[in-house]
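Take a look at the structure set out below.
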Amino acid sequence: MGFFSRLFKMREQDPTSPDTTWAMEDNGSELVLDAEYATMLMTEIDIDAAIASHEGWRLQLQDMVNGRSNEVMRPERICQDDRCDLGRWLNGTGRVRLGHYPAFGMLVARHKYFHQQAAAVVMLFQAGEQQQSVQLLNSSCRHASNQVLLLLKELKRGVGR
């Protein structure tokens, strides 16, 4: 089982059973959802749409730095991680439902970092620093983006969808 799978994993084991493979004290870093709770959660956020939207951001940034877009991006808005649909959910209902899980905190932090890096890519590009913009996009911005996508996919797997 991979690192992210351990972060967002449904647990169906009885903690009192001798066959249980995890310790109760380890449970704080796991996403433990029963089927009803998972279903309710899935009505509050469309994880597939969040993944697609996030991937769309990556493509927009790539198009911008490669000169394939005339769209004017505003870094002062891009850096605000609570303005996109995912950010509103993470800072609202998601925090209420899952905020006590360390993996959720990691998703929030990675999402915020992605927005900061995306805004920096745009600022550099708009300042005429195309080379630095491309470097940032292909390094820390891409890394943060990949982490957000992985965590979202594990969240989706964890709720059984």
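Return yes or no: is residue 71 acidic (Asp, Glu), open to solvent by 70 Å² or more (accessible area, probe 1.4 Å) and modelled with pLDDT of 95 or more?
no
Check whether at least one residue in the range 86-99 is farther than 17 Å from residue 50 by Cα and touching a Ser or Thr at 6+ places or on another chain (Cβ under 8 Å), and report yes or no.
No - not one qualifying residue is present in the range 86-99.
Does residue 118 qualify as being of a type outside the set (Val, Ile, Thr), modelled with pLDDT of 90 or more and in a helix (DSSP H, G or I)?
Numbers: of a type outside the set (Val, Ile, Thr): yes; modelled with pLDDT of 90 or more: yes; in a helix (DSSP H, G or I): yes.
For residue 118, the condition - of a type outside the set (Val, Ile, Thr), modelled with pLDDT of 90 or more and in a helix (DSSP H, G or I) - is met.
Answer yes or no as to whether residue 136 is open to solvent by less than 50 Å² (accessible area, probe 1.4 Å), at pLDDT below 95 and part of a helix (DSSP H, G or I).
Values: open to solvent by less than 50 Å² (accessible area, probe 1.4 Å): yes; at pLDDT below 95: no; part of a helix (DSSP H, G or I): yes.
No: the conditions fail for residue 136.
Among the numbered criteria (1) among the β-branched types (Val, Ile, Thr); (2) open to solvent by 60 Å² or more (accessible area, probe 1.4 Å); (3) touching a residue at least 60 places away in the same chain (Cβ under 8 Å), which one does residue 51 miss?
The failed condition is (2).
Please identify the pairs in which a residue from the range 122-150 that is without any contact (Cβ under 8 Å) to a residue 40 or more places away in the chain has its Cβ atom under 6 Å from the Cβ atom of a residue that is in a helix (DSSP H, G or I) and surrounded by fewer than 17 Cβ atoms within 10 Å (Cβ to Cβ), counting only partners at least 6 apart or on another chain.
Pairs found: 124/132.
So residue 83 ticks every box in (1) touching an Asp or Glu at 6+ places or on another chain (Cβ under 9 Å); (2) not in a helix (DSSP H, G or I) but one. Which box is left unticked?
Unmet condition: (1).
The values are calculated or read from the model by the stated rules, or taken from the named source; none is laboratory data. Just so it is clear, the structure is predicted and the values come from calculations on it, not from any experiment. Using ideal geometry, Cβ is built from the backbone for each residue, glycine included, and neighbour counts are taken over all protein chains shown. For the accessible areas, the whole protein counts, side chains as well, though only heavy atoms, and no ligand, DNA or RNA atoms are used. Shrake-Rupley method; radii C 1.70, N 1.55, O 1.52, S 1.80 Å.
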